[in-house]
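Okay, so here's the structure we're looking at.
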Amino acid sequence: MGNLVVHFEIHASEPQRLIDFYTELLGWRFTQFGDVPYWTIDTGEGAIGNVTGTAGHGINGGLLERRGPKPEVGAPVMGCNVVVGVDHVDPLLRRGVELGGTEALAAADMPGVGRIGYLLDPDNNVFGLISAVMSDGTTGMGGGQ
């Protein structure tokens, strides 16, 4: 068996601003972990609950205070980025911009895959949105499964 990714973390200069952004955009739920400046992220039903849990369709994460300056717009990615599976990419890209994010890469169809686009959150963390449904309504990978 491979080693599954079971957790992700988002760094935030202003934690509450990103909590509000991701709650509104993706419906994620945040819970502060005790008195420390760390919040668990519940991404929804089907996410793995912990490292010994049963694999689901996604993972949960955490949000913590950034320990340095936020990335500049256009800076290269330092580390990993998260790609979130959604029903439809375009409306969420638009909503992300309305909520204070910045379009990093416009939505585009990837034949055989689906539709994908990238945003910068209000702290300039890059993340992707992907859907199996392409702009013409056809389905890329995972269709019918």
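The values are calculated or read from the model by the stated rules, or taken from the named source; none is laboratory data. As the structure is a prediction and not an experimental result, all values here were calculated from the model. Counting neighbours? That spans all protein chains shown, and the Cβs are built from the backbone with ideal geometry, glycine included. SASA here: full protein model, heavy atoms, side chains in, ligands and nucleic acids out. Shrake-Rupley method; radii C 1.70, N 1.55, O 1.52, S 1.80 Å.
Counting only residues that are surrounded by 17 or more Cβ atoms within 10 Å (Cβ to Cβ) and either in contact with a Lys or Arg (Cβ under 8 Å, 6 or more places away or on another chain) or small (Gly, Ala, Ser) (or both), give me the strands (runs of 3 or more DSSP E) lying completely in the stretch 62-126 with at least 2 of them.
Filter on the stretch 62-126 gives 102-110, 114-120.
Among the residues of the stretch 1-37, which ones are under 26 Å from Glu98 (Cβ atoms) and acidic (Asp, Glu)?
Glu9, Glu14, Asp20, Glu24
Filter the stretch 19-33 down to residues that are touching a strand residue (DSSP E or B) at 6+ places or on another chain (Cβ under 8 Å) and part of a helix (DSSP H, G or I) and give me whichever is nearest to Gly44 (Cα to Cα).
Leu26
What pairs can you find where one residue is in the stretch 93-121 and within 17 Å of Gly137 (Cα to Cα) and among the hydrophobic types (A, V, I, L, M, F, W, C), the other is assigned to a strand (DSSP E or B) and open to solvent by 60 Å² or more (accessible area, probe 1.4 Å), and their Cβ atoms are less than 7 Å apart, with a gap of 6+ or different chains?
If the second residue must be assigned to a strand (DSSP E or B) and open to solvent by 60 Å² or more (accessible area, probe 1.4 Å), the pairs left are Ile116/Met110.
Test Glu9 against the criterion of being among the charged types (D, E, K, R) and under 12 Å from the mean Cα position of the chain (by Cα), and give yes or no.
It is true that Glu9 is among the charged types (D, E, K, R) and under 12 Å from the mean Cα position of the chain (by Cα).
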